[in-house]
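The values are calculated or read from the model by the stated rules, or taken from the named source; none is laboratory data. In this text the structure is predicted, and so the values were computed from the model without any measurement. Here the Cβ is made from the backbone with ideal geometry for all residues, glycine too, and neighbour counts use every protein chain on show. These area figures cover heavy atoms from the full protein model, side chains too; ligands, DNA and RNA do not enter into them. Shrake-Rupley method; radii C 1.70, N 1.55, O 1.52, S 1.80 Å.
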Amino acid sequence: MPRVIVCGPVFLDVVMSGLDGPPRLGEEQWVSDSQLTVGGAANQAVALTRLGINASLCSHIGTDLPGQIVVDVLTGYGVDTTLCEGGGDQAMTVALSWSGDRALVSHGELHTAMLPDSSPAPDVLVGDLPNLAANDELIRRWRTAGTTVIGDIGWDATGRWDLADLAPLSLCDYFVPNEEEVRNYARVDDVFEAAEHLQTRLNPNCSFVVTRGPEGVIAHDEQWFEFPALDVKFVDATGAGDAFGAGLATGVALGANLRQSVSLASTVSGLSVTRTGGAGSTPTSADIRSLDIPLPAEYDLSFYDGELTQGV
């Protein structure tokens, strides 16, 4: 079975879905659903295990009560946490969902996760760019040994959108930003032009896969192609980007091509928004195999026959 390591920050997520609008000071809203779960890199690791992939998480987890909840959730889903370090307080996020999107409020310190030199090279490494940069030398050795690297980047709360933050793309085979991140870094409004500008300037050998929410995905193989989003009833977008990354990593780990991997990623992400978000909202391999909804003509899931996967 392929082995995937996910490296990045972890959050304890409090998810509230079904708001009728933004919270108003002095008022109370009751929502239709809520979840207490894990987010960030932990969400990706859980999604991978649900797709039948052997996933290990490399991160920092708090030793306080919220951190213990994170450990319990990860253990319950079968995620390997032996590469994690503990200490201090757990980072937390409150996710509020309405009008087809969500707002996030987070607190905590983000620690760099150091990959252990003693660990065998995984088939696929998934990580945010700051953590990839912190492990530069080891990752270069792993890539020589055959590891495929998928990088992502979080929202720049500073508003600088400094291209220097994207320097770790030199380590990546795939880069998975969202369209607003691409536009902000490139300072170009057109998403195709922005993505092509960044790819050409930073790493022409890295395949860009840009998520666009309900507008679908654009991706670059030998040329740019578009994928529509799955036509489903929306409930909550929390964790949809993480679900997409996990689906892409699954396809890559199973040897699928880019178009097939994006098809699986779009399906996983699309199904995740039909439930209140976070870990556990993502589909299992059995869910994918038993889909009873029509897929867009652009999707190709022919490689995903379930023979190599056993979702939990």
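Remarks
- Complete set of residues in the stretch 131-164 that are farther than 19 Å from residue 104 by Cα, hydrophobic (A, V, I, L, M, F, W, C) and free of Cβ contacts under 8 Å to residues at least 24 places away in the same chain: 134, 138, 142, 164
- Residue that is modelled with the highest pLDDT, among those in the stretch 1-36 that are of a type outside the set (A, V, I, L, M, F, W, C) and assigned to a strand (DSSP E or B): 3
- Top-ranked residue of the stretch 113-150 - restricted to ones that are over 23 Å from residue 40 (Cα atoms) and not in a helix (DSSP H, G or I), ranked as least open to solvent (accessible area, probe 1.4 Å): 146
- Here the stretch 68-111 is the region considered, the condition is being among the small types (Gly, Ala, Ser) and under 24 Å from residue 213 (Cβ atoms), and the residue that is modelled with the lowest pLDDT is 100.
To keep it simple, each residue is scored yes or no on (1) of a type in the set (A, V, I, L, M); (2) in contact with a strand residue (DSSP E or B) (Cβ under 9 Å, 6 or more places away or on another chain).
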residue: 96; (1), (2): yes, yes
residue: 102; (1), (2): no, yes
residue: 108; (1), (2): no, yes
residue: 128; (1), (2): no, yes
residue: 137; (1), (2): no, no
residue: 160; (1), (2): no, no
residue: 174; (1), (2): no, yes
residue: 180; (1), (2): no, no
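- Just one of the numbered conditions (1) open to solvent by 10 Å² or more (accessible area, probe 1.4 Å); (2) on the phi < 0 side of the Ramachandran plot; (3) of a type outside the set (D, E, K, R); (4) not in a helix (DSSP H, G or I) is not true of residue 88: (2).
- Note on the stretch 178-279: enclosed strands (runs of 3 or more DSSP E) holding 2 or more residues that are under 13 Å from the mean Cα position of the chain (by Cα) and farther than 21 Å from residue 123 by Cβ are 207-211.
- Selection count where residues are open to solvent by 10 Å² or more (accessible area, probe 1.4 Å) and in contact with a Pro (Cβ under 7 Å, 6 or more places away or on another chain), scope the stretch 151-190: 2
- Close Cβ contacts (under 9 Å, 6 or more residues apart or on different chains) running from residues in the stretch 278-295 that are open to solvent by 10 Å² or more (accessible area, probe 1.4 Å) to residues that are part of a loop (DSSP other than H, G, I, E, B) and of a type in the set (D, E, K, R) comprise 289/305; 293/231; 294/231.
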